[in-house]
1. Just for the chain, what percent of DSSP beta bridges are antiparallel, to the closest 5?
2. I need to check one value: relative contact order of the chain, counting alpha carbon pairs closer than 8 Å and at least 6 residues apart, in percent.
3. Report the gain in length on full extension from ASP79 to ALA183: 0.36 nm times residue separation, minus Cα-Cα distance, nm rounded to one decimal.
4. Rounded to the nearest Å, what's the spacing between the alpha carbon centres of segment 164-232 and segment 81-160? Just the number, please.
5. Counting only other residues whose beta carbon sits under 12 Å from that of ILE69, what net charge do I get with K and R as +1, D and E as -1?
6. Could you name the lysines whose alpha carbon sits less than 28 Å from that of LYS41, not counting residues in the same chain fewer than 8 places away?
7. Could you run the Karplus curve 6.51 cos²θ - 1.76 cosθ + 1.60 with θ = phi - 60° over segment 97-106 and give me ³J(HN,Hα) per residue in whole Hz, x for Gly and Pro?
8. Please list TYR212, TYR224 in order of solvent-accessible area, largest first, computed with a 1.4 Å probe with all protein chains present.
Amino acid sequence: MSVSIRNLNIVINGMPIVHDVDMDIADGERVGLIGSSGSGKSMIAKSIMGLLPLSAQVSGSIDMGGTEIVGASDQAIADLRGRYVGMVFQNPDDQLVATLVEDDVAFGPENLGVPSVQIAQRVREALKGVGLVGFERHETHALSGGQKQRIAVAAATMLGPRVVVLDEPTSNLDANAIADMRAMIEQMKDEGLTIVIAEHRLAWLNGVADRYVVFDGGHIVQDYEADEFLSL
């Protein structure tokens, strides 16, 4: 699924956060949104998911595969997030909602009314995809940071989204868990998913992103193909 952003402006509590952003993300592309803290990259990631604060004033357009997000109803955005877009947050604890692993992964489809037989099968497939088969009855609070992030990926991809947004997903991970995250993103790529990664730690993105869009002060200041960026 493609994403097209046109003339996007975001103001929060009177402070401009994103200014006149225009960006196209092709179906199946892996795009790294990079920049320092406060540059606007995470705000763009959240805006794609329709997760901006209630106080945000937004103008412009975010077209997600033909569906306009800016100005859409809460129900339309919830439907989009549930069925077409998944998100992995910086801190996996922020999106763990259940005590047991299988219940956490099943939370999204249960809310959408997916039949229980299908949910059980999808939970098994999702946990297999992140290497956590056998963890169904484990308590989420007892997992390592890397395991929690795997659960977050499983939950984000549970319903077969076409776009996955990751907001600084390696911030709390060690080197081994970062390698696991790279492998999971490669699997998403093989499945044809569009992947958007907001990140300020660049080293691990080498070989992951097809494009690097550089943000500063809420603006896009550069847009590089991977080979061009890595040769700088």
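The values are calculated or read from the model by the stated rules, or taken from the named source; none is laboratory data. Quick caveat: nothing in here was measured; it's all calculated off a predicted structure. Don't worry about glycine lacking a Cβ; one is built from the backbone with ideal geometry, like all the others, and counts go over all protein chains shown. With ligands, DNA and RNA removed, areas are computed over all heavy atoms of the protein, side chains included. Shrake-Rupley method; radii C 1.70, N 1.55, O 1.52, S 1.80 Å.
1. Details: 24 of 42 bridges.
Taking every DSSP beta bridge within the chain, about 55 percent pair in antiparallel fashion.
2. On the way: 438 pairs, mean separation 69.9, N = 232.
Averaging sequence separation for qualifying contacts and normalising by length gives 30 percent for the chain.
3. Working: separation 104, 0.36 × 104 = 37.44 nm, distance 2.83 nm.
Gain on stretching ASP79 to ALA183: 34.6 nm.
4. Cα centres, segment 164-232 to segment 81-160: 22 Å.
5. Values: positive: ARG6, LYS46, ARG81; negative: ASP63, GLU68, ASP74, ASP79.
Surrounding charge for ILE69 is -1.
6. Cα-Cα hits under 28 Å: LYS148, LYS189.
7. 10, 10, 6, 9, 4, 5, 5, 5, 5, 7
8. TYR224, TYR212
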